[in-house]
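Just dropping this structure here.
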Amino acid sequence: MPKRIVAALLILSVFTTVVPAQGSDGRPNILYILTDDQRYDSIRAFNQITHQRDESALGYVESPNVDWLVSQGTTFINTYVHATGCAPSRASIHLGRYPHRSGIYEFEYFNQTASHFETTLPEEMSRLGYQTFHVGKLGVRIRTTIDGKVRPYGMYEQDINFKQMWRDGFTDWSKGDIEEAAGQKLPEKIHADWLYTPGSGDRFEVTGSGLNDIPGLEDHSRAVDEKYNLIRMNTPKNPHAYGLGPIIGGVSPKPAGQTRDGHYVTQLGKFLGHPGDELKVGSQTYTGVDPQRPVFAHIGFDFPHTPVLPPKSFRNRFADRVYTIPQVDPDEQGKLPPQLTKLKNTKASNHFSDADQQQMVRDYYAFCAYGDQLVGEAADRFIGFSEAQGRPWMVVYICGDHGWKLNEHGLISKFTPWNIDSQNPIVVVSSDKRRFPAGKVVTDFTEFVDVMPTVLAAGGADLADPRLGFLDGYDLQAVAAGEIPARDYVLGESHAVTGPRATLRTKNFMFTMKTRPDKKRGQNQAWVQQAEIKDLEPVLYDLQRDPDELNNVAFDTAYTRVRDTMQKKLTDIVLGDGRVEVDWRTSTPQVYHFPVFAPGADDKVLTISQ
């Protein structure tokens with residue numbers, strides 16, 4: 001047994017004796033790990049696979065635990081997200097459907113009573129006899145309607161509310177309204193960042209731009225920001241506004257292990273280590289694992305999402321690192337459409353000082369390194385628990401619900417269709433090493449909709465069951481085994497921040513276009529078919545000549561045939577092959593089914609005559 005698993009068993013023994021699985025049917029315990037806003041080049045193994053180097057193009061990264069998972073399992077390196085925003089991306093994983101089939105395009109609170117809605121991943125696992133458990137960020141904004149009233153909807157049998165954990169002090173950062181600061185009563189409530197100090201859970205310091213205009217508190221946000229070395233996302237017009245904008249660099253007020261993410265790992269360990277016991281985390285109660293049933297557990301990490309606050313011990317390890325900051329191509333901006341250029345107004349980073357740009361990158365990669373340690377701890381505890389039970393196990397690790405720019409294209413943000421935002425590899429490790437061979441790398445295109453059928457198949461589901469016919473993805477085990485023909489393309493569609501925009505990516509080209517005139521659901525259904533090409537705001541990159549996606553050749557006559565072929569294919573799929581749009585704002589969601597003018601268009605085949 002590997003030394004790290006022995007260590008995990010020792011950790012579990014601190015809690016209690018693990019009860020062996022009774023009557024195990026051979027189905028594995030499954031752990032699904034997801035990080036947040038993590039770019040693939042923060043993982044050394046992914047850089048080695050993709051670029052034959054240890055480091056990112058920007059510089060040093062550190063990821064020994066994920067590197068170990070890669071060595072033990074199968075890596076799907078060319079996995080792509082469907083929406084480069086947290087909520088719609090996570091919805092595609094939990095629902096197994098593309099955005100144009102679920103109707104979830106951005107940060108809507110969607111309702112499972114909608115007429116087109118299908119079952120969710122954890123509910124299907126429960127149907128298969130699994131106990132389902134979640135801790136950490138979920139990000140799937142699902143609701144239900146009972147007696148005409150919209151209410152929370154629980155997909156997992158046990159789901160620890162991460163925001164309640166924050167409110168109970170199990171965190172290093174939170175946010176919310178405050179009524180006083182520095183002992184002074186405020187004239188009105190102000191929204192602020194809360195930075196929890198070591199000691200009692202309810203001690204925290206606040207910083208927020210609303211404090212800057214209150215007599216006696218003019219310097220309060222400045223003092224707190226400087227204490228924790230915070231830098232924030234800002235605009236060229238307002239580069240030094242203390243307390244304003246998301247935190248993109250700084251140091252956590254708590255040591256490693258006592259941050260938000262550290263507490264998530266602790267609760268996962270308690271769940272696995274206390275079979276059948278009644279457990280508490282702050283004001284919440286839950287029950288320890290049932291040894292009689294297989295486990296499907298999901299841990300959703302917050303790192304490296306803003307606020308980017310690595311613990312001091314990790315930040316110090318990166319303090320002397322010097323990074324190569326991506327340079328902005330002066331010709332790029334003039335070739336981009338309004339949907340993408342408008343990000344420059346709120347997400348720009350090229351105006352940052354050299355010192356701030358270096359800190360922005362150092363703190364991001366330091367935060368990823370800290371998160372890597374926690375990923376290793378979570379996997380070790382889960383594997384150790386399963387080994388002690390005598391039950392097979394499987395770990396599904398996803399590097400980010402999407403990526404993050406560190407001055408690529410002059411931005412610090414997500415929400416765009418560029419590769420750095422949308423390539424997020426998956427690693428699957430299985431105890432038998434047969435379904436997912438150790439050290440194997442699959443270069444075929446894979447997508448986030450593949451996660452649900454992969455987990456269901458491992459849990460014993462028959463994917464040929466017509467009841468699961470709604471699934472848009474494939475079982476990754478079948479992909480790894482070569483049982484499924486390689487996709488020619490991957491799909492994406494995201495409406496958040498940029499506005500409605502869909503993407504079609506092949507090995508040689510990336511094409512993206514505006515899909516709707518606005519965000520009014522169900523209206524103007526024939527707009528794309530009637531619009532002129534310029535109104536679609538197309539972007540086309542020749543990835544062989546332009547791997548950094550800087551030169552939009554959509555209106556270059558040498559690429560007209562490529563553009564038109566990809567535009568037709570994308571239109572046929574996302575608008576003509578079962579598109580759904582939903583007005584989620586009412587207790588009875590209004591579902592709009594678009595006319596099917598290209599049935600079967602999503603056949604995964606695309607031939608481009610260059």
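The values are calculated or read from the model by the stated rules, or taken from the named source; none is laboratory data. Just so we're clear, the structure is a prediction, and the values are computed from it rather than from any experiment. For neighbour counting, all protein chains shown are included, and Cβ atoms are generated from backbone atoms with ideal geometry for every residue, glycine included.
Yes or no, residue by residue, for (1) outside the structural domain of residue 90 (by TED's automatic domain parsing); (2) in contact with a Phe, Trp or Tyr (Cβ under 8 Å, 6 or more places away or on another chain); (3) assigned to a strand (DSSP E or B); (4) surrounded by 24 or more Cβ atoms within 10 Å (Cβ to Cβ):
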site	(1), (2), (3), (4)
386	no, yes, no, yes
394	no, yes, yes, yes
404	no, yes, no, yes
417	no, no, no, yes
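If a residue has to be surrounded by 15 or more Cβ atoms within 10 Å (Cβ to Cβ) and among the polar types (S, T, N, Q) to count, how many in the stretch 585-610 make the cut?
Number of matching residues: 1.
Please go through the stretch 572-588 and give me each residue that is of a type outside the set (A, V, I, L, M) and under 26 Å from the mean Cα position of the chain (by Cα), ordered by number.
578, 579, 581, 583, 584, 585
For the stretch 67-93, enumerate the residues that are outside any loop (DSSP other than H, G, I, E, B) and of a type in the set (Ser, Thr, Tyr).
If the condition is that a residue be outside any loop (DSSP other than H, G, I, E, B) and of a type in the set (Ser, Thr, Tyr), then 71, 74, 75, 79, 80, 89, 92 are the ones that fit.
Another question, if that's okay. Here is a list: 169, 201, 208. Which entry is at pLDDT below 90 and closer than 15 Å to residue 281 by Cβ?
Going through 169, 201, 208 in turn, just one is at pLDDT below 90 and closer than 15 Å to residue 281 by Cβ: 201.
For the stretch 519-564, which residues satisfy the criterion of being surrounded by 14 or more Cβ atoms within 10 Å (Cβ to Cβ), free of Cβ contacts under 8 Å to residues at least 12 places away in the same chain and among the β-branched types (Val, Ile, Thr)?
560 - this is the single residue of the stretch 519-564 that is surrounded by 14 or more Cβ atoms within 10 Å (Cβ to Cβ), free of Cβ contacts under 8 Å to residues at least 12 places away in the same chain and among the β-branched types (Val, Ile, Thr).
Quick check: anything in the stretch 256-278 touching a residue at least 24 places away in the same chain (Cβ under 8 Å), within 21 Å of residue 361 (Cα to Cα), touching a Gly at 6+ places or on another chain (Cβ under 8 Å) and surrounded by fewer than 23 Cβ atoms within 10 Å (Cβ to Cβ)?
Yes, there is a match, as at least one residue in the stretch 256-278 is touching a residue at least 24 places away in the same chain (Cβ under 8 Å), within 21 Å of residue 361 (Cα to Cα), touching a Gly at 6+ places or on another chain (Cβ under 8 Å) and surrounded by fewer than 23 Cβ atoms within 10 Å (Cβ to Cβ).
Still on this structure: Please state which of the following conditions residue 444 fails to meet, knowing it meets all the rest: (1) in contact with a Phe, Trp or Tyr (Cβ under 7 Å, 6 or more places away or on another chain); (2) under 30 Å from residue 62 (Cβ atoms); (3) part of a loop (DSSP other than H, G, I, E, B).
(1)
Hey, could you check the stretch 127-151 for residues that are free of Cβ contacts under 8 Å to residues at least 24 places away in the same chain and at negative phi and say which is farthest from the chain's Cα centre (by Cα)?
Taking the candidates together, the pick is 146.
Of the conditions (1) more than 20 Å from residue 517 (Cβ to Cβ); (2) in the same structural domain as residue 495 (by TED's automatic domain parsing); (3) more than 27 Å from the chain's Cα centre (by Cα), residue 609 fails just one. Which one is it?
Status for residue 609: all satisfied but (2).
Suppose the filter is touching a helix residue (DSSP H, G or I) at 6+ places or on another chain (Cβ under 6 Å) and modelled with pLDDT of 95 or more; does residue 423 pass it?
Taking the combined requirement at face value, the residue satisfies it.
Out of curiosity, is residue 70 over 15 Å from the mean Cα position of the chain (by Cα), over 17 Å from residue 396 (Cα atoms) and surrounded by 22 or more Cβ atoms within 10 Å (Cβ to Cβ)?
No, not satisfied.
Another one. From 80, 40, 32, grab the single residue that is at pLDDT 95 or above, farther than 23 Å from residue 592 by Cα and in contact with a His (Cβ under 7 Å, 6 or more places away or on another chain).
32
Within the stretch 573-584, identify whether any single residue is basic (Lys, Arg) and surrounded by 14 or more Cβ atoms within 10 Å (Cβ to Cβ), and answer yes or no.
Yes, the stretch 573-584 contains a residue that is basic (Lys, Arg) and surrounded by 14 or more Cβ atoms within 10 Å (Cβ to Cβ).
Got a number for residues in the stretch 421-466 being among the aliphatic types (A, V, I, L, M) and surrounded by fewer than 22 Cβ atoms within 10 Å (Cβ to Cβ)?
Within the stretch 421-466, residues that are among the aliphatic types (A, V, I, L, M) and surrounded by fewer than 22 Cβ atoms within 10 Å (Cβ to Cβ) number 6.
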